[in-house]
Ligand code: TYD
Ligand code: MG
């Protein structure tokens, strides 16, 4: 009879020790240890049936990596973010805030994978709820089994019976191994279950999608450790008040983490958006002041995005400054540059900044459009709608070069813009390629204002 063993688990980072500490030696958290009993028997009975017999080391040069199996998920965008399809035997974590659309995304995959057997295990929704949702999404192309179950051991038994090509676990926080003597969703359960699932995926070569809810702070609930266990971490994000969602690879053992996909949530599921700029540019606001268009890059994709600013006289003593979708500290820095370098008097002004469509941007190349939008609103002069901007602004008002300038120019050109203002540092290095669009270089913010507003 195997004896139970006791370990102490840090609830903040998941590290384990034979005894508890006041302060976790791994992450420094205080009083974070909880006793955890581990049975010496293997936790996941079902997984063992797939265990391969003794492995032997192989010469690296003899390993054949060319025929790595990629499974078509039926979604071109998802395939791309995964690095060209789903790798057999991989464990893929899809993280996101509750309600963002994770279940919809995986259910869509589950019913659209032509000719495949899929087992969708849900600890969150009933069979009936899943059926209703599947009916909204549409045609059934696959053989999809639904299982409402939360016990890991049971799940493994059913997987063995169904023999699926893909397993979906929705979500890691709602399943529990009875062998791990801890509450569902606790760090020891998450750790135990995900380790068992990983072992199962590797031994059986069946890929698994694992859903994980993330907390407000943006980390996958509790377990940062989950990110280390799985092969791939995809993050599903977006503003709930807007319809589009961004799927980003944070970690990928089988591809690049630069890829990103955009979906639009519709009444009948998620639609792939292959042309993001068209979604992000609002159409009929000709002649409105305070709007500038930035040619930005997210991941590896160029988009044009609308930056909106509202500058008004402060009603109370202290002016308000607020930014949505843009770093507020960076906005304050840019406003300081405006005052200091370009002589604009903003101290008695409220400044509100918004990135249209609820997008959050981090690309420094958006700086120039932020300044242009603020000035346009301050002067109450609309910018011509066919001008795009790309450039990072430094503290002395210099415009610093940005990456992938050719892609930005090409995107603006493709969308029919007539002019794009870019940093001198990029302009001087442009290869001889002729552009339809007029490309203008600028070295200082003052020059940009002259281009945009003439000599006012
Ligand atoms: P869901 O996939 O349940 O989110 P998560 O699993 O990440 O918690 O999606 C929830 C939202 O999506 C819900 O508010 C309803 C909406 N929705 C649509 O707008 N259209 C649809 O076709 C579906 C299935 C859901
Ligand atoms: Mg869900």
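Quick note: the coordinates plus some simple rules give every number you see, no bench work behind them. All figures in this text were calculated on a predicted structure; none of them were measured in a lab. Cβ coordinates were reconstructed from backbone atoms using ideal geometry, including for glycine residues, and neighbour counts include every protein chain displayed.
When a/c reaches 1.5 or more, the comparison of a/b and b/c decides; with that in mind, is segment 278-453 rounded, prolate or oblate per its Cα gyration tensor? Here segment 278-453 falls in the prolate category. If you take the Cα centroid of segment 381-452 and the Cα centroid of segment 311-341, the two points sit 23 Å apart. Cβ-to-Cβ counts within 10 Å put 80, 19, 191, 37 in ascending order as 19, 37, 80, 191, the fewest first. Taking the longest Cα principal axis of the chain as reference, the axis of helix 102-112 is set at about 70 degrees. Expressed as a fraction of 2.2 N^0.38 Å, the value expected for a compact globular protein of N residues, the C-alpha radius of gyration of the chain is 1.17.
The Cα atoms of segment 72-272 give a gyration tensor whose axes a ≥ b ≥ c have a/c under 1.5, which makes the shape rounded.
Site pair residue 300 and residue 29 shows an inter-label distance of 3.6 nm when each label is modelled 7 Å from Cα along Cα→Cβ. Helix 328-342 and the longest principal axis of the C-alpha atoms of the chain enclose an angle of approximately 20°. The residue 205 and residue 414 beta-carbon pair, evaluated with R₀ = 45 Å, returns a calculated FRET efficiency of approximately 0.60.
Note on residue 407 and residue 143: the extension gain reaches 90.9 nm, defined as 0.36 nm multiplied by sequence separation minus the Cα-Cα distance. Label-to-label distance, residue 227 versus residue 333, with points set 7 angstrom from Cα along the beta-carbon direction: 2.3 nm.
Using a ≥ b ≥ c from the Cα gyration tensor of segment 358-436 (square roots of the eigenvalues), is it rounded, prolate or oblate, where a/c under 1.5 gives rounded and otherwise the larger of a/b and b/c decides, a/b for prolate? Oblate. From helices alone, the chain scores -7500 deg cm²/dmol at 222 nm; the rule is -39500 (n - 2.57) for each run of n ≥ 4 DSSP H residues, then divide by the residue total.
Listed from fewest to most Cβ neighbours within 10 Å, the set 311, 370 follows the order 311, 370. Sorted fewest first by neighbouring Cβ atoms within 10 angstrom, 120, 17 come out as 17, 120.
For segment 339-404, the average shadow cast by the Cα convex hull is 5.6 nm², which is a quarter of the hull's surface.
Compared with the dominant Cα axis of the chain, that is its longest principal axis, helix 127-137 is turned about 40°.
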